[in-house]
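Participant: Structure below; questions to follow.
The values are calculated or read from the model by the stated rules, or taken from the named source; none is laboratory data. The structure presented is a predicted model; accordingly, all values stated were derived computationally and were not measured. A quick note on method: Cβ atoms are made from the backbone with ideal geometry, for glycine too, and the neighbour counts reach across all protein chains shown. Please note that ligands, DNA and RNA were not included when accessible areas were found on the heavy atoms of the full protein model with its side chains. Shrake-Rupley method; radii C 1.70, N 1.55, O 1.52, S 1.80 Å.
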Amino acid sequence: MKYNGSDIKWVWLDLDDTLIDFTLNSRRALDRLYREEGLGQWFPDADTWRECYEGHNYPLWDQLSRGEITTVFLRMERFRRPLTDAGVDNCVAIRMSERFDPLYLDFLAQEKATVDGAFDLLRRLYVAEVRVGVLSNGFADVQHRKMRNAGISPYIDLTVLSDDIGIPKPDIRLYRHAMERAACTDASAHLMIGDNPDTDIAGALRAGWQAILLQPQHCDKARKTPPEGAASADTLAEAASLLGI
């Protein structure tokens, strides 16, 4: 497949909010956690619980992508902090967070919503005989389950996760690792599609890949200008059109 003068052999896709509708699935999982764990005694409604959780979760993921914290720290703090904000004793909040983390991930993996156009793009790439990889910062213990339950696994040739080597996007080493796993070390043969300009796209460009920023109209994230050298698509259908498939 030709794109911007290069022969693209591998198209890599971020998973959350690029193929899988993480925003919707996460909120459904958080609502279930609220109901089943009786969080109404600390939060007046599920919306308040979700807003408090997300208010801590997103900044923690930004810190993780900059290498400032570990995944272990993130997985504890994203639940401990909203609980202590609501008045839960810190020691109790730690024990609750240890329980909530695997529960939330299990609930999340059971959700199946995908981003509009995900299956059509994957089918088009298959017909075009382009190899498809998933490159994600998500946790290994849940990402594969999410892909299977959403029904996209049969379309994916290779899944590379930051958990594989303990290095998250946008670190260039993860992109190099992906090329090695794909047995294709020519950077110009790789293209990344993702919704995060700072992790998915900036990292890909630094690795010498081409990139398309998917603007996150399917969730609440603000529209951003793509980094120089990257294209932008409002939808996965538009991304497919840019690729000429």
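Participant: For a quick check of your reading of the model, give me the residue pairs whose first member lies in segment 123-145 and is more than 11 Å from residue 155 (Cβ to Cβ), whose second is aliphatic (A, V, I, L, M) and part of a helix (DSSP H, G or I), with beta-carbon atoms closer than 6 Å and at least 6 apart or on different chains.
Facilitator: Close Cβ pairs (under 6 Å, with a partner that is aliphatic (A, V, I, L, M) and part of a helix (DSSP H, G or I)) amount to 135/178; 142/105; 142/109; 145/109.
Participant: Given the conditions (1) in a loop (DSSP other than H, G, I, E, B); (2) touching a residue at least 60 places away in the same chain (Cβ under 8 Å), which single one is not true for residue 167?
Facilitator: Unmet for residue 167, out of (1) in a loop (DSSP other than H, G, I, E, B); (2) touching a residue at least 60 places away in the same chain (Cβ under 8 Å): (2).
Participant: Please pick out the residue among 70, 84 that is open to solvent by 50 Å² or more (accessible area, probe 1.4 Å) and of a type in the set (S, T, N, Q). So that I can check it myself, show each step before the final result.
Facilitator: On the way: 84 fails: open to solvent by 50 Å² or more (accessible area, probe 1.4 Å).
Within the list 70, 84, the selection yields 70.
Participant: Being modelled with pLDDT under 95, within 15 Å of the chain's Cα centre (by Cα) and of a type in the set (Val, Ile, Thr): is that true of residue 167 here?
Facilitator: Working: modelled with pLDDT under 95: yes; within 15 Å of the chain's Cα centre (by Cα): yes; of a type in the set (Val, Ile, Thr): yes.
When the stated conditions are applied, residue 167 passes them.
Participant: For residues in segment 82-110 being of a type in the set (Gly, Ala, Ser) and in a helix (DSSP H, G or I), which is farthest from the chain's Cα centre (by Cα)? So that I can check it myself, show each step before the final result.
Facilitator: Here is the first cut: in segment 82-110, the residues of a type in the set (Gly, Ala, Ser) are 86-87, 93, 97, 109.
This time we only want the ones that are in a helix (DSSP H, G or I), so: 93, 97, 109.
On the way: 93: 26, 97: 22, 109: 13 Å.
Going through the qualifying residues, I end up with 93.
Participant: Still on this structure: Evaluate the following for residue 79: is it open to solvent by less than 10 Å² (accessible area, probe 1.4 Å), free of Cβ contacts under 8 Å to residues at least 40 places away in the same chain, not charged (D, E, K, R) and not in a strand (DSSP E or B)?
Facilitator: Numbers: open to solvent by less than 10 Å² (accessible area, probe 1.4 Å): yes; free of Cβ contacts under 8 Å to residues at least 40 places away in the same chain: yes; not charged (D, E, K, R): yes; not in a strand (DSSP E or B): yes.
Spelling it out, residue 79 is indeed open to solvent by less than 10 Å² (accessible area, probe 1.4 Å), free of Cβ contacts under 8 Å to residues at least 40 places away in the same chain, not charged (D, E, K, R) and not in a strand (DSSP E or B).
This table checks each residue for (1) more than 17 Å from the chain's Cα centre (by Cα); (2) among the small types (Gly, Ala, Ser).
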{"position": "146", "(1), (2)": "no, no"}
{"position": "150", "(1), (2)": "no, yes"}
{"position": "198", "(1), (2)": "no, no"}
{"position": "210", "(1), (2)": "yes, no"}
{"position": "213", "(1), (2)": "no, no"}
{"position": "235", "(1), (2)": "no, no"}
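Participant: Here's a follow-up. Does residue 108 count as at pLDDT 95 or above, open to solvent by less than 60 Å² (accessible area, probe 1.4 Å) and touching a Lys or Arg at 6+ places or on another chain (Cβ under 8 Å)?
Facilitator: Working: at pLDDT 95 or above: yes; open to solvent by less than 60 Å² (accessible area, probe 1.4 Å): yes; touching a Lys or Arg at 6+ places or on another chain (Cβ under 8 Å): yes.
Considered against the rule, which asks whether it is at pLDDT 95 or above, open to solvent by less than 60 Å² (accessible area, probe 1.4 Å) and touching a Lys or Arg at 6+ places or on another chain (Cβ under 8 Å), residue 108 comes out as yes.
Participant: Of everything in segment 116-138 that's in a loop (DSSP other than H, G, I, E, B) and in contact with a Phe, Trp or Tyr (Cβ under 9 Å, 6 or more places away or on another chain), which residue is most open to solvent (accessible area, probe 1.4 Å)?
Facilitator: Kept after step one, since they are in a loop (DSSP other than H, G, I, E, B), are these residues of segment 116-138: 116-117, 128-130, 137-138.
Pick out the ones that are also in contact with a Phe, Trp or Tyr (Cβ under 9 Å, 6 or more places away or on another chain) and you get 130, 137-138.
Values: 130: 8, 137: 24, 138: 8 Å².
Here the answer is 137.
Participant: Further question: Would you point out the residue of segment 203-231, among those that are at pLDDT below 95 and polar (S, T, N, Q), that is surrounded by the most Cβ atoms within 10 Å (Cβ to Cβ)?
Facilitator: Checking each candidate, the answer is 215.
Participant: Could you list, in sequence order, the residues of segment 16-48 that are open to solvent by less than 50 Å² (accessible area, probe 1.4 Å), assigned to a helix (DSSP H, G or I), under 27 Å from residue 122 (Cβ atoms) and not hydroxyl-bearing (Ser, Thr, Tyr)?
Facilitator: 22, 25, 29
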